[in-house]
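Everything on this sheet refers to the single structure shown next.
The values are calculated or read from the model by the stated rules, or taken from the named source; none is laboratory data. For clarity, every value in this text was computed on a predicted model and none was experimentally measured. We place every Cβ from the backbone using ideal geometry, glycine too, and count neighbours over all the protein chains shown.
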Amino acid sequence: MASPRRRLSPDQRRTELLDIGARLFSQRAYEDVRIEEVAELAGVSRGLMYHYFPTKRDFMAAVVQRESDRLLAVTEPDPSLSVHDRIAAGLDAYLEYIESHAQGVLAVNRGAASADASIRGIVDAELDVQQQRIVDALAPSDADRELVALAVRGWIAFVRSVCVDWLDRPGVTTVQLRELCLAALAGLLGDRLG
């Protein structure tokens, strides 16, 4: 059912469209989301939708970019913390974000699975930043750096995968998930975690 038309600032309208997109892309494959449906749900014309996002691919990319930017912002490390506490705080922020923005997180994960290289590139860029933050905090020796980077990238993929599955498993608590993720990292890095 279409929303009634209402006046919004350009930023408010763009945010509304991205929110609708996050919801739809989290529920359905890219091919199954129609721009006309997004416009109808927002109570705008298809032409206005294309004013903000020239193509459906641009729209999906904007949804994924916004969520990736948000994830990077909420997980910004606090350099005053110990390495372990810094990683734990980033994980806590990530888990909290997932609970409050499940649709956006699911849309990003759909984007990561996308056949579109530019959309996957957005997700990969965010993962690169997350990986670099952790590796920099760990400060491995030059001889160990590649191995640590590989382990951290694998851990990030693990965390993303279990967190997406966790959204469908209400019996697993946030504390249990946090402990699982931190134990996995400790298993990968051993005494390198500090």
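For this structure, a couple of remarks:
- One residue alone among ALA184, ALA151, ALA139 is of a type in the set (A, V, I, L, M) and loosely packed, with under 15 Cβ neighbours inside 10 Å, and that residue is ALA139.
- Selection of segment 26-36 for residues being assigned to a helix (DSSP H, G or I) and exposed (fewer than 13 other Cβ atoms within 10 Å of the Cβ) yields GLU31, ASP32, GLU36.
Quick grid of which residues meet (1) surrounded by 14 or more Cβ atoms within 10 Å (Cβ to Cβ); (2) out of contact with any Gly (no Cβ under 7 Å at 6 or more places or on another chain); (3) modelled with pLDDT of 95 or more; (4) in the same structural domain as GLN132 (by TED's automatic domain parsing):
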{"site": "VAL44", "(1), (2), (3), (4)": "yes, yes, no, no"}
{"site": "TYR50", "(1), (2), (3), (4)": "yes, yes, no, no"}
{"site": "GLU67", "(1), (2), (3), (4)": "yes, no, no, yes"}
{"site": "LEU71", "(1), (2), (3), (4)": "yes, yes, no, yes"}
{"site": "PRO79", "(1), (2), (3), (4)": "no, yes, no, yes"}
{"site": "ILE98", "(1), (2), (3), (4)": "yes, yes, no, yes"}
{"site": "GLN103", "(1), (2), (3), (4)": "yes, yes, no, yes"}
{"site": "ALA113", "(1), (2), (3), (4)": "no, yes, no, yes"}
{"site": "ASP116", "(1), (2), (3), (4)": "yes, yes, no, yes"}
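- You will find that of ARG133, ARG192, the residue that is charged (D, E, K, R), in contact with a Gly (Cβ under 8 Å, 6 or more places away or on another chain) and touching a residue at least 12 places away in the same chain (Cβ under 8 Å) is ARG133 and no other.
- Helices (runs of 4 or more DSSP H) completely within segment 37-143 that count 3 or more residues being within 17 Å of the chain's Cα centre (by Cα) and farther than 24 Å from ARG13 by Cβ: 83-100, 117-138
- Top-ranked residue of segment 160-182 - restricted to ones that are among the hydroxyl-bearing types (Ser, Thr, Tyr) and not in a loop (DSSP other than H, G, I, E, B), ranked as modelled with the highest pLDDT: THR174
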